Amino acid sequence: MSSHLQPSNLIDRFDRRIDYLRLSVTDRCDFRCVYCMAEDMTFLPRSQILSLEQLYDVAAAFVALGVSKIRLTGGEPLVRNNLMTLVERLGQLNGLKQLHLTTNGARLDKYAAALKAAGVTGVNISLDSLDESKFRQLTRTGDLSKVLRGIDAAIDAGFSRIKLNAVILRGRNDDEALALVEFARHKGIDISFIEEMPLGIIDEHSRALSFCSSDELRELIDFRYPLSASGESTGGPSTYYRMVDSPSRVGFISPHSHNFCHLCNRVRVTVEGRLLLCLGNEHSADLKATLDEFPGDSERLQQVIRSAMSLKPERHHFELNDNEPQIVRFMNMTGG
Ligand code: SAM
Ligand code: SF4
């Protein structure tokens, strides 16, 4: 990786410069979080997913077009076989400034040091509860103690940025928001609270009834730890706050209550090779066809990516309507 930066050449119809790619490396996961998946999931057959080589080619094409930040996600990226061989190659990409990973943390104790050595600069770790049985209910299969070990391993590995992500559902874990902030402060890491998004049809809970707004959480946290807007931006949906007595930042990702589309600097590629121009819309371009037909032809792939920018919609239209989720694909398919 190099710190040399050229501005991204990817600009959409609304003059937004795209310099951030979220690349999904698998749709599979060892958890079944209630807001992300149905209990009984069918995953993609191997023939439909990009190979590690193709994932590398996608990343390299985006970096050649000026993308400087890539986040590996999924599904759970650390369940993908031989993921480290991809990460090691991405870590060598000239022009890539930040290589991040979003993970459920369950396998981080095994991989944190190797990820850091390969050039991963930051990790986001999902943590919705500090209570073992609630954690199990929310993730259906997760083991909290493993995730806590993973968080410590990430801290020991010395990533320049570690952030916890918590999805808060009313009546499930809204009473834990303060405890999660205290945990982040204690560990000296950041935390973001995410409003649940209507991706995929679930019947485990009502998304409308469980909705808990960022504003409400911010007020609650502010009462105990006064928050001041940090003014920092990652060019995305998070708004960050600082506390006077801690280096930890508190972020809020609020797709419902605050529309952040005008700042959008990112696109996603699913593990099927679908370039998604917006999290909350179906506008997409098929990269797999080009990757399959013209292996190694980066120029051609870059051209497909460049043309797809005109498809990026102005904004999403998430509504809290349980009967008709606008987006039927699940978050694990989307690359959260
Ligand atoms: N498995 C990894 C993890 O859990 O961090 C990476 C993929 S996961 C889809 C990425 C993020 O999306 C997680 O922080 C998760 O909590 C969040 N997420 C999943 N489904 C969501 C939904 N319906 N609304 C909001 N956030 C969601
Ligand atoms: Fe798996 Fe992450 Fe989805 Fe949870 S949020 S089911 S850990 S992909």
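The values are calculated or read from the model by the stated rules, or taken from the named source; none is laboratory data. All figures in this text were calculated on a predicted structure; none of them were measured in a lab. In this analysis, Cβ positions are derived from the backbone assuming ideal geometry, glycine residues included, and neighbour counts consider all displayed protein chains. To get the accessible areas, we keep the full protein, side chains included, count just its heavy atoms, and leave off ligands, DNA and RNA. Shrake-Rupley method; radii C 1.70, N 1.55, O 1.52, S 1.80 Å.
Points to keep in mind about this one:
- Single residue of the stretch 236-268 satisfying the filter (within 16 Å of ligand 2 (Cβ to nearest atom) and modelled with pLDDT of 85 or more) that is nearest to residue 216 (Cα to Cα): 253
- On the stretch given as the stretch 276-305, residues that are modelled with pLDDT under 95 and not in a loop (DSSP other than H, G, I, E, B) total 3.
- Of all the listed residues (143, 156), the sole one being surrounded by fewer than 20 Cβ atoms within 10 Å (Cβ to Cβ) and away from ligand 2 (no atom under 16 Å from the Cβ) is 156.
- Residue in the stretch 187-194 that is within 16 Å of ligand 1 (Cβ to nearest atom), assigned to a loop (DSSP other than H, G, I, E, B) and open to solvent by less than 30 Å² (accessible area, probe 1.4 Å) present: yes
Residues checked against (1) under 30 Å from residue 60 (Cα atoms); (2) free of Cβ contacts under 8 Å to residues at least 60 places away in the same chain; (3) more than 13 Å from ligand 2 (Cβ to nearest atom); (4) among the hydrophobic types (A, V, I, L, M, F, W, C):
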| site | (1), (2), (3), (4) |
| --- | --- |
| 139 | no, no, no, no |
| 162 | yes, yes, yes, yes |
| 177 | no, yes, yes, yes |
| 181 | no, no, yes, yes |
| 185 | no, no, yes, no |
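- Tally, over the stretch 196-244, of residues that are surrounded by 18 or more Cβ atoms within 10 Å (Cβ to Cβ) and either within 11 Å of ligand 1 (Cβ to nearest atom) or at positive phi (or both): 9
- The C-beta contact set for the stretch 75-99 (first residue on the phi > 0 side of the Ramachandran plot, second residue within 16 Å of ligand 1 (Cβ to nearest atom) and open to solvent by less than 40 Å² (accessible area, probe 1.4 Å), distance under 6 angstrom, 6+ apart or interchain) comprises 75/26; 75/27; 75/29; 75/332.
Results for (1) closer than 18 Å to residue 147 by Cα; (2) modelled with pLDDT of 95 or more; (3) buried (at least 18 other Cβ atoms within 10 Å of the Cβ); (4) of a type in the set (S, T, N, Q), shown as yes or no for each residue.
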| position | (1), (2), (3), (4) |
| --- | --- |
| 3 | no, no, no, yes |
| 12 | no, no, yes, no |
| 15 | no, no, no, no |
| 58 | no, yes, yes, no |
| 89 | no, yes, no, no |
| 93 | no, yes, yes, no |
| 109 | yes, yes, yes, no |
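- Residue that is nearest to the chain's Cα centre (by Cα) [pool: residues in the stretch 117-135 that are within 13 Å of ligand 2 (Cβ to nearest atom) and closer than 16 Å to residue 175 by Cα]: 127
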